Amino acid sequence: RERVRAMFYHAYEHYLESAFPYDELRPLTCDGQDTWGSFSLTLIDALDTLLILGNVSEFQRVVHVLQEGVDFDIDVNASVFETNIRVVGGFLSAHLLSKKAGVEVEAGWPCSGPLLRMAEEVARKLLPAFQTPTGMPYGTVNLLHGVNPGETPVTCTAGIGTFIVEFATLSHLTGDPVFEAVARKALKALWKNRSDIGLVGNHIDVITAKWVAQDAGIGAGVDSYFEYLVKGAILLQDEELMSMFLDYNQAIKNYTKFDDWYLWVQMYKGTVSMPVFQSLEAYWPGLQSLIGDVDNAMRTFLNYYTVWKQFGGLPEFYNIPQGYTVDKREGYPLRPELIESAMYLYRATRDPTLLELGRDAVESIEKISKVDCGFATIKDLRDHRLDNRMESFFLAETIKYLYLLFDSDNFIHNDGSVFDVVITPYGECVLNAGGYVFNTEAHPIDPAALHCCRKRKEEQWEVEDLMREFYSLKKTKKFTLKRASDYGEVGSAEAPEDASSEKGGEKRNFKSSSHSLLSCPSQSFNSKLAVLGQVFLDNT
């Protein structure tokens, strides 16, 4: 863990010294370059990693720097996908972690705040890309002018289906439903255009909905679509998204899985088109662990780990029958996916093999890619030649997942026994209880935050106030009603016997669940409230 911390600072400090305010560090020449835009991308991507490593003072400083110095009103053509996962995701995560990092938050947080406004500003600049006949977005948008005339309508599947985590979070925090609506429409458009055997291809025309690249698999061009169906389902408790993923999962097993490897097949026929493993596919065991399929996840992970041990990293493409790299795809740009899966699987199994992978990754990266000014992309794993680039995901993902693999007590791993209570315009709200959902750039989103800013809370509390009044008049029972967010239910009765709280602070700890006052199984929810003279519906 301490070696990983040192790796982070070696890379981060050289970025600040040699590359800031450019997007990325060029570690071989000790300078910087803009890549995905022109907005200090590495700084945005590394922000929540700073807090996970415990550096609150630098987190606070960087928040101030970004608020003062980053401008998105620029004439730049930006990837809709990359800007969402790195910039919108990075700002949302940092916004939700600000209070934990000691930032003085404004009244109304987490439903308002400068980082949230920055996330919303960037996301609004991406919205023109979704204005297509199918609802599937263009791949590129100009941050000043919108979609360029003549922009190609061909977008990869992941570039269409990787928005629900960030955009639903934005909608829930800001109250503007447009973000979640466009993300859902794009997801459902892909679902609607799957093949008869249940597979999706690699690239599609967002105007005509015709598949341009018909290779189906779990790797590059498709990967985070599947990831976001699962994570969106978890974040939003959405059965439809999970049902979609489980259907895909069955088709993937039926047509692409061979001996715990996953190949590429033709999406309509299921015939093998490429018997290769791509390094980007290494997220899949971690995703399997999230749906409880741990045994299959471990078997596939161990296959991928053999490739790592063969080369000291994962080549971009690996020919499975030949057991070697694919021409012009021999590089390893310090990707996180195998380490990400190791982190998830270690949380699920505590298998020490996963720590061994982490140790191997630390030693490989330090031995092969460490240079005076940071860590360089490995251009060729066969001879360890380096490339003059350090992608921002190295600090956002690779280092973060490595650190979390070795830091079992990190706040990210909170099991819900400790949490913070904050006051919002809609009343009390529970945050930092754990269960964080990582976006595909490893920016953690607190799922509880999505319940802090909904107007429905006001209606719940109006009901509770009426209940208090009703029972104080009747004097038929001796109990007090608690706020819904105290115990997680509307109309909780008196606190459980072993509940405890620190009255002087925000930390609370409740081991028992409370019983709902509104417990009458023979009546619907609306009927129970009708006794008070008013019925509250979800859509009122």
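The values are calculated or read from the model by the stated rules, or taken from the named source; none is laboratory data. Just so you know, these numbers come straight off a predicted model, no measurement behind them. Ideal geometry is used to build each Cβ from the backbone, glycine not excepted, and the neighbour counts take in all protein chains shown. Note: areas computed on protein heavy atoms with side chains; ligands, DNA, RNA excluded. Shrake-Rupley method; radii C 1.70, N 1.55, O 1.52, S 1.80 Å.
Of everything listed in (1) modelled with pLDDT of 90 or more; (2) part of a loop (DSSP other than H, G, I, E, B), the single unmet condition for Thr476 is (1). Within region 390-422, the only residue that satisfies the criterion of being in contact (Cβ under 8 Å) with a residue 40 or more places away in the chain, among the polar types (S, T, N, Q) and open to solvent by 20 Å² or more (accessible area, probe 1.4 Å) is Ser417. Within region 347-373, being closer than 28 Å to Ala19 by Cα and either part of a loop (DSSP other than H, G, I, E, B) or in contact with a Gly (Cβ under 9 Å, 6 or more places away or on another chain) (or both) holds for Ala361, Glu363, Ser364, Ile365, Lys367, Ile368, Ser369, Asp372, Cys373. Looking at region 227-239 only, could you name the residues that are surrounded by fewer than 15 Cβ atoms within 10 Å (Cβ to Cβ) and part of a helix (DSSP H, G or I)? Within region 227-239, just Glu239 meets the criteria.
Name the residue that is nearest to Leu290 (Cα to Cα), counting only residues in region 210-226 that are touching a helix residue (DSSP H, G or I) at 6+ places or on another chain (Cβ under 7 Å) and open to solvent by 10 Å² or more (accessible area, probe 1.4 Å). Checking each candidate, the answer is Asp223. Among the residues of region 118-139, none qualifies, meaning not one is polar (S, T, N, Q) and crowded, with 24+ Cβ neighbours inside 10 Å. Considering only residues of region 304-346 that are part of a helix (DSSP H, G or I) and among the aliphatic types (A, V, I, L, M), which is farthest from Asp387 (Cα to Cα)? Once the filter is applied, the top-ranked residue is Leu345.
Among the residues making up region 303-324, a single one is among the aliphatic types (A, V, I, L, M) and in contact with a Ser or Thr (Cβ under 6 Å, 6 or more places away or on another chain): Leu314. The single condition among (1) within 17 Å of Thr440 (Cβ to Cβ); (2) touching a Leu at 6+ places or on another chain (Cβ under 8 Å) that Gly270 does not satisfy is (1). Counted as qualifying within region 1-115 are the helices (runs of 4 or more DSSP H) with 3 or more residues that are without any contact (Cβ under 8 Å) to a residue 12 or more places away in the chain and surrounded by fewer than 24 Cβ atoms within 10 Å (Cβ to Cβ), namely 2-14, 56-69. Among the residues of region 185-202, is there at least one that is acidic (Asp, Glu) and open to solvent by less than 30 Å² (accessible area, probe 1.4 Å)? No, the conditions are met nowhere in region 185-202.
Which one of Leu345, Leu290, Leu338 is buried (at least 24 other Cβ atoms within 10 Å of the Cβ), touching a helix residue (DSSP H, G or I) at 6+ places or on another chain (Cβ under 7 Å) and of a type in the set (A, V, I, L, M)?
Criteria check complete, one pass: Leu338.
The set of residues from region 199-232 being under 15 Å from Tyr262 (Cβ atoms) and free of Cβ contacts under 8 Å to residues at least 60 places away in the same chain comprises Asn202, Asp215, Ala216.
One line per residue, one yes/no per condition, for (1) more than 21 Å from Leu263 (Cβ to Cβ); (2) of a type outside the set (Val, Ile, Thr):
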| site | (1), (2) |
| --- | --- |
| Gln278 | no, yes |
| Ala282 | no, yes |
| Asp295 | no, yes |
| Phe311 | no, yes |
| Pro336 | yes, yes |
| Ala342 | yes, yes |
| Tyr346 | yes, yes |
| Thr349 | yes, no |
| Arg359 | yes, yes |
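Which count do you get for residues in region 244-287 that are open to solvent by less than 20 Å² (accessible area, probe 1.4 Å) and more than 26 Å from Gly331 (Cα to Cα)? Looking only at that region, the number is 8.
Can you pull out the residues in region 324-335 that are out of contact with any helix residue (DSSP H, G or I) (no Cβ under 7 Å at 6 or more places or on another chain), open to solvent by 20 Å² or more (accessible area, probe 1.4 Å) and not acidic (Asp, Glu)? Of everything in region 324-335, those that are out of contact with any helix residue (DSSP H, G or I) (no Cβ under 7 Å at 6 or more places or on another chain), open to solvent by 20 Å² or more (accessible area, probe 1.4 Å) and not acidic (Asp, Glu) turn out to be Tyr324, Val326, Lys328, Arg329.
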